[in-house]
Structure formats: structure tokens, C-alpha cells
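Read the structure below first, then the notes.
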């Protein structure tokens, strides 16, 4: 088994979903799981065991406390590889209203190829995983986790203590008391079976070889008689079968004649269908030709009309094109004549307009520059006011900053003290969390003890219930034995009464003689002596009492099986009770002494009364036996159920006791850890108290907050001052630019005024601007009209030309289509005239009359109609041929014979009577065979039971010998010693590899460990002489060997384990030695996870899973893979 993927959500400190890729972690063989105490490192293993077994591996707990306090549910998804298969285990639980754990999902899937759900029920899932892995939860946890200090402790244990630990690790106790208990149970069971076989042998009855031979003889006689009768019936059977065959042929011939007559009546309809199919075939051939001719003629008429219309359109467009060209020439000549004069006039007007425009621009410039000067002077005045206000604000800001700086200097900023207080507060919170975990374990311990008490109460109740039922079974046992004695007495009474009746047998003989004499007839032989002469037929008739005794004798004989059955049933009940409960065999039972009665001395009348009274008591006593059986069976079932409940409670009690021990140990360990951490905290932070550290931290952070706020305010004010100074400088620059702009505006205005004065002197004679623009517009309008007219005539010519080309193309196309249609019409007409000369056309004209293709279409059938007519025609022809051949065949088979119904009935009656006789004889033979087989079966069973009885006697002897052999603990000690030898050998090989061939482990005569030092000639010395690093390597070798041995108890190898060996107590040199040893492990089929919080070990391992603890703000634990 190798992990592939793990997802955790809501379990312990893991609040949000966390995913772990074990393929990446296990790729290097050795990887580390690092994080501070309480971060959730061990929860990763808890998630694995919870996904597989539904319980937390370290404690076996399944309470609601496993769910994160801030969450309502927890979910784990674990994927692992087993050989070539890949499986996924999913479990999701939620906290119910009464704070108990409720499973909402439990699925086990095979995801090797496509996901296949193997089971989705909790019980089935647990059983499936245990069966697949071959390990229970405790074995899996022992094989996967190597807890710290346990295996080094194992190294230094004494021989007896080490054997005891091995017995506990490998469950060897099952070979001690458990094995002795099983041997006693087996012996008890075998003794009970032996008694049952004795009872069954008595109940089989007569099954000797002689009885088998007698039954076999009866079978042979029955088979001989049957064979003779079967030879007689065979002749009757052949005659009856021949007559039966002739009758069948006669009836079949009559049916064939009827069918032949029916086909003759259907012949006109057949001929009609045949004609319709012939016309259909000819019409289908002629229709396309005639239809093509009709369509071609219609198409020629249409195409001719289209061609004539296109010719008329072409003549009209030619006239339009000539008119457009003439108008185009006239418009061009008019433009060439008028356009030059208009252009000269347009140039003169444009020159005058340009000179007026320049004067207008100069006048506008003077106006704009005067307005600009006024606006700039106004803006310059406003900027001057703003500059004075800004200077005042800068002065005030500098004074404010100086005051705030003085306030800041009044506080003492102690950053180092604040950091130290934060560290103390964080560790105090960890201490608080650790104390809460102690309280949680304590609460779990209280609940477990409470549950343990409840289970003990239930277990005591179950034991009391079982003891009460066993007492009832003991009473039932005595009751059965008393009734067994009663029925044995009844058997003895019956035998004596039958003997008494036999002693009076002369009366019985006399009655028989009287009966025979009364039935003798003259001339017929006597059934006793064979004589035909009967001189004395007057015999004395027996009395009524004698006849009644004869009847009661037979009734007594019929009660024998009932007595035997009841006796066997009572003995079986007693045997079953003895195998279930322990019966005090020495307990005295009252035995009623039955008064012996001399039945042979009784008169016939008294003997009849005694026998009748005896017979009357048998049915109620039999009913009583059945009630005893039913009551005993009920008690046996109740005992089994009570025993099962008791065992279940005992198992729960053992489990809860183990849980209490583990929880007590965990609570003590966590409490010791809390005390040590508390002492370390108080020693490190002696200036503060755990109870006031929170207020101290609050006060320090409040001071820091004030200092930070003052610094921030000073910084903001300084930034504001810098901004004001920048604005002041920008104002000065803007004012300088405005003064430059005023000077430029004055210069521009003066230049424009000079231009206006010069223009007024030179162009006083020019017309005003409005008249110039109007004249200019008139000239431009006349030129535009000339150009538009020429353009319109050009466009008209182009459109007419294009229309001419389109119409000409359509005319050509219409002519081509008309000529093509004429050719197609001529071809269709030729094909039709050619068809009219054929024989098919002549035949068609003889069958139907038509003028058009539409008339001919009426005779063409659809595919469905044609197929239907063809099938009906073919079916008629096939039936006609078949019936004719069948009539001929039947007439030939009858060979001219006739059939007589009365003779056939008489022959059948005779044959049936013979059959009936044979069946009766067969039943007699079957009965004889059944009796023979029953005797044979009883004989076989009798032999088997004797053989089985001998086998049980041998088994009982063997069990008694085993009981003496396995008494005490010698065998368990022997197994523990053998297991220790195996573990030591495996560990020695691992230690030899880890120490590069220097050390090996060996056992001394008392089972203690010794170290063989091959660098010193193989010298053997105690393990206490090893250094710290050497001791760790030796313990690690033992740990790996023990883990591998535990895994062998499962069906599959667990190719990974977690090592938690207390690395925090190792110095740098020893830690280096340990890590080097771990890296030397074979990693092809083994992945090792090292759980630690030591930074030096974290630096050494290349592949790491970092676990970040949960925060006070509510964030759960996180994981990060580093490779």
C-alpha cells in the first residue's frame, strides 16, 4: 500500500480544504513533515485512519470533537495504490444537534481505470477495507507509526518484559487462554456429536445386508413381470402407430383437396392482377417518351414568345441610345462657349475679396488683443492676491509641524519591548491551546469512562440473562430426561402387553380357523392343505374380546415408530442442551418406579381395557414432547442471542478499557508538556505574568498606535507643506508668464492698427464686402450649371449603353433557348414515332386506350402497389404448385389404401388398456426400487455413521491430548521467543547496512540483546555500551523490523511509515548521523515520513511538507510541499 493523494477539510485544526500529493512527497523515499507543536502534523495520519477505518488512529475516537469548532462537518478523501490497483476511500461526517457524530457519506471506490463504487455503506466499507488490507485499525496504526521512545525502550527491556511486549504487539495471547478455550469448546462439541451419532444409529432401524437382498429380489421380480407385459404391448403399439400414420395421411389429404379447390376459386382474381402488372410495365415504358414530347412542345411555345419580346425591347433601346448621344454633343458645345468668360470674371472678384478679407482680419485682431490685455491684467491681479494668502498658510504650517514634532518626542518608542511582548503573548496563546487540548482529552476520558460504566452494566445484565436462560435449559434438560424415562417405560409396557397377547395366541388361531372354515366351498381346494373335501366346517366363532385383542395387537404394533421417534427426539434435545450449557451429571433425579404388571394373568376383558387405556395416553404425551422441543429450541436461540450480546459487550468493554488507558496516557503526557512549557515561559518572560500578558500587550500596542499616529500626522503635514511651497513657486512662475503675455498682446495690437491705417489709404475705392460675395456666388452658380448639364448627358449615355448591352444579351439568350427547345422537341417527336413502331406499343394499345401521358399515368402503379400485386401473384403461383405437389405426394404415400374410423377406434382402445397395465407394473417396480434404495441408503448411512463415530472417538482422544499439551503459557512463550529471533535477525541485517558493516544484533541465552562489533573482531558487548547515535541506529533497525513483521500479518505490504523518534533531543552531530542513516534506506518500495519541528532536520531533507498552524483569526492549518 502506497499513499497517492489526501484531502482534509474540517478535521481538527484543518478548517478549509487542504490537499496533499503523496506521489511528489514519496518520490525521494524519505520526506519530512515539519511544523510547530499543535500545528496539525499528526492530524494527517488521523485523516488516513479515519478515511480507512472511520476512527482516529491514535485514540480510536469517533466523537464530534474531531470536527473543527468553527465547522459543522468534516470530510476526508484518501487515495492509495495497492499493487497495480488504485482505490479511494471517502468519508464525511457532521455534528448533529445533540453534539454527536453522524456519518453522511462513506464510499469505497476502485479508480484504477474508471471509478467503480465498491460499497457505500459504513459497515460494508469497514469490512471491505479490513479484508483488502488484512489489518485491523490497531495493527495498521502499529505498522504505520513508529512512536518516539517506544523502540529504544524495547531495546533495553529484560527478556520476560520483551516477550510480554511481543505478545501484545503480535496478538500472541490468542495462542494462550483463547486457544485453551477453543480446545475445550472443540472437545465439548465432539462429545456432543458423538452422542448424537449414537442416537441416530438407533433411529435408523433395520438396514442389514439381508434386508438389502430381500428388497433387491422384489425389484427383480417386478422388472421381470414388467418386461413380459412390455413385449406384449410392443405388437399392439406397432399396429396402432401404422393406423395412426394412415389416419394422419388421410386427414392431411382431405385438407390439401380443400386448399386446391380454394385456389381454383381465386384464379380470376389472379389473372386480373397479372393483366394489371403487364399494363403497368408497358405504361411505365411508354409514359416517359410521351411525357417528354408533350413537355417539349409546350416549352417551344413559351421560348418562342420570350424571344419575340426581347427583339421588340432591343429596337426600342437602340432609339433611346441615339437620342442620348445627340443631347450629349449639344451640352458639350454650349459649355465650351460660355465657361472661359465666366472664369475670367471669377478671378477678378476673388482678388478684390481677398484684399477686403485682410482688412477685416486686421480690424478683428485689434479688437481681440485689447480684450486680451484687459483679461490678462485682471488675472495678474488675482494671482498676486493668491500669492500673499499662500505665503501666510506656509508660515502657519511650519509652526504646526514644529508643535507636533515636540509632542512626538515626548513619547518613548520601545520597539524591542513590543516585539518581546508579542512573542510572549503568542507563546501564551500556544500554552492556552495546549491546556485546552488537555481539557479536551480529559473530557474524552470522562465520557469514555461513563460509556465504560454503561457497558459494564449492560454486560452484567447480559450475563444474568444468560445464566437465567441456562438455568431454564437445565430444567428443560431434566424435564426431557424424565420424559425420556417415561417413554422407555411405555416401550417396556408395550412389549409386555404384546407378549401377553401372543400368549393368548390360541384364541387368535381359533379365530383364523373359524374365518377360513366359513369361506370354504364344496369342490374348491382349501388354501391351507389343498384338499377339495371339507368334512367339518362347523367351528367355534371367537369371542368379541378375542377379536378386540387381535385389533389392539395391531394398534400396539403401529405405535412402535411413534415411541422410537419420541425417545430419539428427547435424547436429541438432551444432547443439544448438554452441548450448550454445563449440566451437573451427578445431580440426583427422582426416578419413578413403575409398578410391574403381570399382563398375561389378566383376563381378556381386563387386558383390552389396559391396552385401550395405554393407547389413549400416547397422543397427549407425544404433544407434550413436541412442546418440550419447541420450548427448548426457543431457549437455545435466546441463549445464543444472549451469548452474542454478552460477547459484544465484552468486546466493547475491552475496547473502552484500552481507550481509557490511551486517553489517560495522552492526558498525562499533554499535561506534563503543558507544565514544562509553562515553566519555560515563566522563566523566559519573568517580567510578566501569564494572567496579565494580554493587558500588557494591549497597553504596549496602544502606545505604539499613538506613536504611529503622531508620526503619520507629522508626515502628512510635511507632505502638505511641500505641496503649499510647490503651489507658491508655481504661482510666481504663472505671474511671470502673464506679464510676458501682456507685453506680447500690446505688441500685436499695435501692428494690426498700423496694417488697418495702411489698407484704408490704399483701397478706399473698392466696393464693400457684401456686393463682392454676391457677384462671386452668381459666377460660381453659372459655371456649376454648365458642368452639371454636361455630366447629366454623359450619365444618360452611359445608362443607355449599359441598358443596350443587357437587352442585347437577353435577346441572344432567348434566341439560344428557343433553338435548343426546338431541337429537344424534334428529338422527343422522333423517339415517340420510333416507339409507336414497336411491338410493346401495339400490345399496350390492345390492352388500354389513351391520348395523353396523364391518361397513361393512371395505369402506372406505385412501388408499394406493384410489390403488393407481385407478391400476391407469386404467392398464388407458389401455393398452386405446392398444393398440387402435396396432393400427389399424399396419394402416393397412401398407396391406394382407405381409412376405417371404427376399426381405428377399437385398435386404439386395446392399445390404451395395455399401456395402463404397463404403467401399473412400472409403479409397482418403482415402489420396489424405492424400498430397495431406501434400505441401501440407510445401510450406507449406517456404515458412514459407524465410521464417523470412530473418527470422533479419535478426535476426542486428540483433543484431550492437546488439552494437556497447551495447559499453561509455555507455548505462548515459545512463539514469542521464535518471533523475537525472527525480528532480531531482520533488525541485525538492517543495522549491518546502516553502520556500513560494523554492528549486528544477537541474542544471549536469556533472550537479551547484545551488539556484535565486527571492527573489533566480532566482540559481543551489551547495548548499554553504545553511544547515543549508535543506540538510535539500533533502535531504528529494530523499529523497521518490527513494523515489517506487523505488516506481514496483513494481506498487502504497507510501503510507507511515519517516524516520530524525538529528534528535538538530539545534538547536531547525532542528528547528522540519524539523517544520513535515513537517507541510506532503500527507497524503491519504502517511503519514510519524518515528523518533527527541528529546523536543522528540515534543512537536511530535500522533500518537505510544511504545516502552518491555525491562527487566532480563524484560519485553519495549511500545508505546503517543498521539493
* Mind checking which pairs have a first residue in the stretch 699-723 that is on the phi > 0 side of the Ramachandran plot and surrounded by 15 or more Cβ atoms within 10 Å (Cβ to Cβ) and a second that is at pLDDT 80 or above and part of a helix (DSSP H, G or I), Cβ under 6 Å, 6 or more apart or different chains? -> none
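Determine, yes or no, whether residue 808 is part of a helix (DSSP H, G or I) and closer than 30 Å to residue 284 by Cα. Write out each step before concluding.
On the way: part of a helix (DSSP H, G or I): yes; closer than 30 Å to residue 284 by Cα: no.
Judged against the criteria, residue 808 is not a match.
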* For the stretch 34-54, does any single residue satisfy the condition of being in a strand (DSSP E or B) and surrounded by fewer than 16 Cβ atoms within 10 Å (Cβ to Cβ)? -> no
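So which of 23, 46 is modelled with pLDDT under 90, in contact with a strand residue (DSSP E or B) (Cβ under 8 Å, 6 or more places away or on another chain) and over 19 Å from residue 433 (Cβ atoms)? Write out each step before concluding.
Working: 46 fails: over 19 Å from residue 433 (Cβ atoms).
None of the other options fit; the residue is 23.
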* Asked: Is it the case that residue 634 is free of Cβ contacts under 8 Å to residues at least 12 places away in the same chain, closer than 30 Å to residue 467 by Cα and exposed (fewer than 15 other Cβ atoms within 10 Å of the Cβ)?
  -> yes
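So that you can scan it fast, the table gives a plain yes or no per residue for (1) under 60 Å from the mean Cα position of the chain (by Cα); (2) touching a residue at least 12 places away in the same chain (Cβ under 8 Å); (3) under 27 Å from residue 302 (Cα atoms):
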| residue | (1), (2), (3) |
| --- | --- |
| 835 | no, yes, yes |
| 865 | yes, no, no |
| 874 | no, no, no |
| 899 | no, yes, no |
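So, in the stretch 1038-1064, of the ones that are in a helix (DSSP H, G or I) and at pLDDT below 70, which residue ends up farthest from the chain's Cα centre (by Cα)?
Selected residue: 1064.
It is to be established whether one or more residues within the stretch 408-421 are under 60 Å from the mean Cα position of the chain (by Cα), at pLDDT 80 or above and either part of a helix (DSSP H, G or I) or surrounded by fewer than 14 Cβ atoms within 10 Å (Cβ to Cβ) (or both).
First, the residues of the stretch 408-421 that are under 60 Å from the mean Cα position of the chain (by Cα): 415-421.
Checking the rest, the ones that are also at pLDDT 80 or above come to 420-421.
Narrowing the set further to residues that are either part of a helix (DSSP H, G or I) or surrounded by fewer than 14 Cβ atoms within 10 Å (Cβ to Cβ) (or both) leaves 420-421.
Yes; the residues of the stretch 408-421 include at least one that is under 60 Å from the mean Cα position of the chain (by Cα), at pLDDT 80 or above and either part of a helix (DSSP H, G or I) or surrounded by fewer than 14 Cβ atoms within 10 Å (Cβ to Cβ) (or both).
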* To do: Given the conditions (1) assigned to a helix (DSSP H, G or I); (2) under 17 Å from residue 438 (Cβ atoms); (3) more than 40 Å from the chain's Cα centre (by Cα), report the number of the one that residue 660 does not fulfil.
  => (3)
* Taking the stretch 76-96 as the region of interest, how many residues are closer than 18 Å to residue 22 by Cα, assigned to a strand (DSSP E or B) and over 15 Å from the mean Cα position of the chain (by Cα)? -> 5
* **Unique match (being part of a loop (DSSP other than H, G, I, E, B) and either touching a residue at least 12 places away in the same chain (Cβ under 8 Å) or under 30 Å from residue 576 (Cα atoms) (or both)) among 688, 681** => 688
* To do: Would you check if there is a residue in the stretch 65-77 being in contact with a strand residue (DSSP E or B) (Cβ under 7 Å, 6 or more places away or on another chain) and farther than 27 Å from residue 656 by Cα?
  => yes
* Working only within the stretch 167-198, note down all residues that are assigned to a helix (DSSP H, G or I) and at pLDDT below 70. => 167, 168, 169, 173, 174, 177
* Structure fact -> Scanning the stretch 724-753 for residues that are in contact (Cβ under 8 Å) with a residue 60 or more places away in the chain and under 16 Å from residue 390 (Cα atoms) gives 724, 725, 727, 728, 731, 732, 734, 735
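Just checking, which of 401, 394 is modelled with pLDDT of 85 or more, farther than 30 Å from residue 698 by Cβ and either outside any helix (DSSP H, G or I) or more than 60 Å from the chain's Cα centre (by Cα) (or both)? I'd like the intermediate steps shown before the answer.
Numbers: 401 fails: modelled with pLDDT of 85 or more.
One residue alone meets the criteria, 394.
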* Residue tally, condition closer than 27 Å to residue 170 by Cα, surrounded by 14 or more Cβ atoms within 10 Å (Cβ to Cβ) and modelled with pLDDT under 90, over the stretch 86-127 -> 1
* Structure fact -> Restricting attention to the stretch 103-126, the residues that are touching a residue at least 24 places away in the same chain (Cβ under 8 Å) and outside any strand (DSSP E or B) number exactly 6
* Asked: Is one or more of the residues making up the stretch 595-605 modelled with pLDDT under 80, under 60 Å from the mean Cα position of the chain (by Cα) and either within 23 Å of residue 502 (Cα to Cα) or loosely packed, with under 13 Cβ neighbours inside 10 Å (or both)?
  -> no
* Structure fact -> Expected output for the stretch 335-346 (first residue assigned to a helix (DSSP H, G or I), partner surrounded by 11 or more Cβ atoms within 10 Å (Cβ to Cβ) and modelled with pLDDT of 75 or more, Cβ below 6 Å, 6+ apart or cross-chain) is 335/786; 335/790; 339/786; 342/779; 342/782; 342/783; 345/779; 346/779
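The values are calculated or read from the model by the stated rules, or taken from the named source; none is laboratory data. Everything numeric here is computed off the predicted structure, so don't read it as measured data. As a convention, Cβ positions derive from the backbone with ideal geometry for all residues, glycine included, and neighbour counts pool all protein chains shown.
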